[in-house]
Amino acid sequence: MIRRCYLFRHGMTGMNERRCYCGATDVPLSGQGRRLLLQNKSEFLYPDISSCRIVTSGMRRTEETLSLLYGALPHSADFRLQEMHFGSFEGFSYGELKERADYRRWIGGDTMADACPCGESGLQMQRRVLAAFHELLALPGSDIALFVHGGPVAAIMQELFPSEKRNLYEWQPDFGCGYELEFCGGACSYRGIPAARSGEGAYV
């Protein structure tokens with residue numbers, strides 16, 4: 001039996017445009033982010049998820065991405081699928097943080113193992129995201145569509161495809177993009193979302 005899981009990264013926010021750390025801060029999509037999503041929707045093919053179990057992270061940017069791309073589909077939220085909590089670095093860019101001693105210690109160390117001040121580590125984010133993901137996969141029945149964040153998407157892909165030896169940043173899709181996972185027996189394959197309208201099945 002073939003089962004599919006669709007992983008979507010939310011559209012761009014104002015903090016993304018400013019290149020700020022933004023994990024736990026609940027911000028909406030920016031005007032530019034909304035325009036780009038609608039442009040993607042008109043130029044490319046997004047999969048039909050109407051029969052899927054749809055789950056967001058509960059954050060505004062994921063809820064708005066689902067709504068813009070697919071309208072008012074029934075869905076639930078799982079807060080374990082949220083982005084990494086950057087603690088006291090939330091809302092600041094590298095340029096604004098680079099002279100802070102606590103930031104220099106964190107960025108110069110092991111950012112996967114070391115938690116941000118008042119926040120969490122990359123490993124902590126991975127553990128909660130993967131716990132939620134595997135619980136959803138274990139549920140019987142329909143395919144799954146997750147509207148989440150770059151870090152959670154990358155954490156899932158890194159675990160499923162370790163032989164590709166990509167780090168979290170290399171697995172992060174563009175805003176409004178993601179991956180279609182296909183599970184068949186013990187095998188798992190993927191391709192990008194959305195698809196080109198060429199009719200050739202090529203994905204961007």
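The values are calculated or read from the model by the stated rules, or taken from the named source; none is laboratory data. What you are looking at is a predicted structure, and each value in this text was computed from that prediction instead of being measured. Here the Cβ positions follow ideal geometry from the backbone for every residue, glycine too, while neighbour counts run over all protein chains shown.
Of note:
- Unmet requirement for T62, which otherwise passes all of (1) at pLDDT 95 or above; (2) part of a loop (DSSP other than H, G, I, E, B): (2)
- Scanning the range 164-190 for residues that are of a type in the set (G, A, S) and modelled with pLDDT under 95 yields G185, G186, A187.
- Close pairs from the range 44-67: first over 13 Å from F79 (Cβ atoms), partner basic (K, R), Cβ under 6 Å, at least 6 apart: L45/R197
- Qualifying residues in the range 111-140 (those that are of a type in the set (G, A, S) and assigned to a loop (DSSP other than H, G, I, E, B)) - the one farthest from P28 (Cα to Cα): A113
- Test: F79 is of a type in the set (F, W, Y) and surrounded by 13 or more Cβ atoms within 10 Å (Cβ to Cβ): no
- Residue in the range 75-84 that is at pLDDT below 95 and part of a strand (DSSP E or B) present: no
- Checking L139, L130, L160, L168 one by one, the residue that is under 12 Å from the mean Cα position of the chain (by Cα) and closer than 23 Å to E182 by Cβ is L168 and no other.
- Criterion violated by P140 - all others in (1) under 24 Å from L73 (Cα atoms); (2) of a type outside the set (D, E, K, R); (3) surrounded by 17 or more Cβ atoms within 10 Å (Cβ to Cβ) satisfied: (3)
- Failed criterion for A187 (all others in (1) loosely packed, with under 15 Cβ neighbours inside 10 Å; (2) among the aliphatic types (A, V, I, L, M); (3) under 30 Å from S67 (Cβ atoms) hold): (3)
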